[in-house]
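Please read the structure below before turning to the comments.
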Amino acid sequence: MNDNTATDTLDLRILDALQQDIPLVARPWETIASRLDIPEPLLLERLRHLSAKGVIRGISPIIESRALGITAATLVALPVPAEKIREVAELINRYAEVSHNFRRDHQYSLWFTLSAENEGALEKILSGILARTGFSRDEILNLPTVKKIKIDVRFPLVPGTKGVS
């Protein structure tokens, strides 16, 4: 497969399969390939290709944080000047409690999610981030999680299907 090959139906089926449960077995790609009725080497080749094209940035689990004792979370937005985005993002990325950190074309140019064991711990971490970045509370948006509504979002890509089951 060359790098100019367009995403085809098999690629879409693979992307659908990746949105399903990935089995916790010694060879998960073998199991997924079997579900797709293709050889494992073909699946791996397609995954490498989709990754090289930037279609897949990563494959990771979604962990139910409350089951691990993490009960506080917030989405924070900072008005970072363009020339400081990389510096501030790198600082924020050093915190293990930060799961996402992304840039937006907006007054609030850097957004990140922060989770902690409880509200007190969350507050302490956020205060530390603000002190290290030089922002005050009145300059930022702090949008704490009030109620988790939905996390299991899947986007069927093969027309007329609900993905691989």
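The values are calculated or read from the model by the stated rules, or taken from the named source; none is laboratory data. This structure is a prediction, so every number in the text was calculated from the model and none was measured. With ideal geometry, Cβ positions are generated from the backbone for all residues, glycine too; neighbour counts draw on all protein chains shown.
Things to note:
- Picking from residues in region 42-60 that are surrounded by 11 or more Cβ atoms within 10 Å (Cβ to Cβ) and of a type outside the set (A, V, I, L, M, F, W, C), the one that is farthest from the chain's Cα centre (by Cα) is Glu45.
- Residue list for region 117-139, restricted to those being under 16 Å from Glu90 (Cα atoms) and of a type outside the set (A, V, I, L, M, F, W, C): Gly128, Arg132, Thr133, Gly134
- Of Asp37, Asp16, Asp21, all but one fail to be surrounded by fewer than 13 Cβ atoms within 10 Å (Cβ to Cβ) and at pLDDT below 95; the exception is Asp21.
- Contact map, region 53-67: first residue basic (Lys, Arg), second residue at pLDDT 90 or above and surrounded by 10 or more Cβ atoms within 10 Å (Cβ to Cβ), Cβ cut-off under 8 Å, separation 6 or more or different chains; pairs are Arg57/Ser51.
- Criterion violated by Glu90 - all others in (1) part of a loop (DSSP other than H, G, I, E, B); (2) acidic (Asp, Glu); (3) at pLDDT 90 or above satisfied: (1)
- Being at pLDDT below 95 and surrounded by 16 or more Cβ atoms within 10 Å (Cβ to Cβ) holds for only one residue in Val164, Val153, Val146, and it is Val164.
- Once region 45-79 is narrowed to residues that are in contact with a strand residue (DSSP E or B) (Cβ under 7 Å, 6 or more places away or on another chain) and among the polar types (S, T, N, Q), the residue that is nearest to Gln20 (Cα to Cα) is Ser65.
- One residue from Ala67, Ala73, Ala96, Ala77 being assigned to a helix (DSSP H, G or I), over 12 Å from Ile129 (Cβ atoms) and out of contact with any Asp or Glu (no Cβ under 8 Å at 6 or more places or on another chain): Ala67
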